[in-house]
Amino acid sequence: MSEIKYRQVEERDHPAVKNMYVELDGFYRQQGLNFPPVEDVGQVWLDSFARTLGKFTMLYVAEKDGLVVGFMLARVKRLPPYWGGGMAGTISDIFVSPQARNTGIARGLMDHCLAWLRQQGVASVDAQVQVKNSASGALFAIFGFEPELEQVRLVWGEGSG
């Protein structure tokens with residue numbers, strides 16, 4: 001059995017995680033996420049946190065037999081003053097390659113992200129989980145996350161304003 005290595009993303013991992021994000025984006029859409037499609041979504045995703053990577057954002061990867069087989073993104077944010085103004089963490093964008101699922105990789109990634117967030121001094125950690133994504137919901141429940149807010153969305157048709 002191969003050992004899984006968890007580490008911070010490196011530039012050499014970008015093509016792999018970019019392709020995995022494209023798969024994740026497809027999954028989000030199958031589950032009902034209703035945002036317009038984005039050209040080169042994997043690169044746009046990477047670019048969205050490149051400036052804060054290693055400071056307020058951490059991307060961990062799981063590596064097996066020299067190949068990246070999963071990733072998880074963690075971010076630090078300041079809460080608004082009316083919610084106490086402290087620092088909070090967010091876990092997002094979890095992906096494990098189909099051939100590596102059900103092997104504990106998501107748990108290992110979560111352990112690393114939560115440890116990093118704790119080191120950043122956050123008081124709480126949140127995540128958004130699509131209603132139909134029971135696997136992610138179960139993962140978060142294992143770590144003690146509890147439902148707190150429900151998000152609803154109204155999508156205007158094309159040409160509406």
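Readers should treat all values here as calculations from the given coordinates under stated rules, not as data from a laboratory. Keep in mind the model is a prediction, meaning the values are calculated, not measured. Heads up, the Cβs are rebuilt from the backbone with ideal geometry, glycines too, and the neighbour counts pull from every protein chain shown.
Within straight-line reach of Lys55, meaning a Cα separation under 30 Å, sit the following lysines at least 8 residues removed in sequence or on another chain: Lys5, Lys18, Lys64, Lys77.
In a shell of Cβ-Cβ distance under 10 Å around Ile91, excluding Ile91 itself, what net charge do Lys and Arg (+1) and Asp and Glu (-1) give?
On the way: positive: Arg75; negative: Asp93, Asp126.
Residues near Ile91 contribute -1 overall.
Computed about its Cα centre, the charge dipole of the stretch 1-79 is approximately 480 debye, with only Lys, Arg, Asp and Glu carrying charge at their Cβ.
Note: relative contact order over the chain, using C-alpha pairs below 8 Å and six or more positions apart, is 21 percent. Extending 7 Å from Cα along the Cβ direction at Thr52 and again at Val131 yields two label points whose distance is 2.8 nm.
When only alpha carbons are used to place a centre, the stretch 73-111 and the stretch 1-72 end up 12 Å from one another.
Can you give the net charge of the other residues whose Cβ lies under 13 Å from the Cβ of Val129, counting K and R as +1 and D and E as -1? Can you show the working numbers first?
Numbers: positive: Lys132; negative: Asp93, Asp126, Glu146, Glu148, Glu150.
Result for the neighbourhood of Val129: -4.
Evaluate the relative contact order of the stretch 6-93 (contact order divided by residue number), counting alpha-carbon pairs under 8 angstrom at least 6 apart; express in whole percent. Here the relative contact order equals 27 percent.
Which is the longest stretch in the chain that no exposed loop site breaks, taking sites as GluC sites (Glu not before Pro) with a DSSP loop state and at most 15 other Cβ atoms within 10 Å? Can you show the working numbers first?
On the way: sites that count: Glu3, Glu10, Glu39, Glu148, Glu150, Glu158.
With GluC sites (Glu not before Pro) excluded where exposed in loops, the chain gives 40-147 as its longest stretch.
Between amide H atoms placed 1.01 Å from N, distances below 5 Å from Ala62 occur with Val69, Gly70, Phe71, all of them 5 or more places distant or on a separate chain. If you wrap the tightest convex hull around every Cα atom of the chain and split its volume per residue, you get 143 Å³. Build a GNM of the chain with springs between Cα atoms under 10 Å apart, and of Val68, Val38, Val125 the one that fluctuates most is Val38.
Trypsin sites (Lys or Arg not before Pro) within the stretch 1-87: which are DSSP loop residues with at most 11 other Cβ atoms inside 10 Å?
Working: sites: Lys5, Arg7, Arg12, Lys18, Arg29, Arg51, Lys55, Lys64, Arg75, Lys77, Arg78; in loops: Lys55.
In loop regions of the stretch 1-87 (DSSP not H, G, I, E or B), the sparsely surrounded trypsin sites (Lys or Arg not before Pro) are Lys55.
What is the dipole size for the chain, taken about its Cα centre, with +1 at each Lys and Arg Cβ and -1 at each Asp and Glu Cβ, in debye to the nearest 20? Could you put the intermediate results ahead of the total?
On the way: 16 positive and 18 negative charges, 73 e Å.
Using Cβ point charges on Lys, Arg, Asp and Glu, the chain gives about 340 debye.
Hey, got a sec? Which chymotrypsin sites (Phe, Trp or Tyr not before Pro) in the stretch 1-102 land in a DSSP loop and have at most 16 other Cβ atoms within 10 Å? Don't skip to the end; give the middle numbers.
On the way: sites: Tyr6, Tyr21, Phe27, Tyr28, Trp45, Phe49, Phe56, Tyr60, Phe71, Tyr82, Trp83, Phe95; in loops: Phe56.
Those that pass, being in a loop and sparsely packed, are Phe56.
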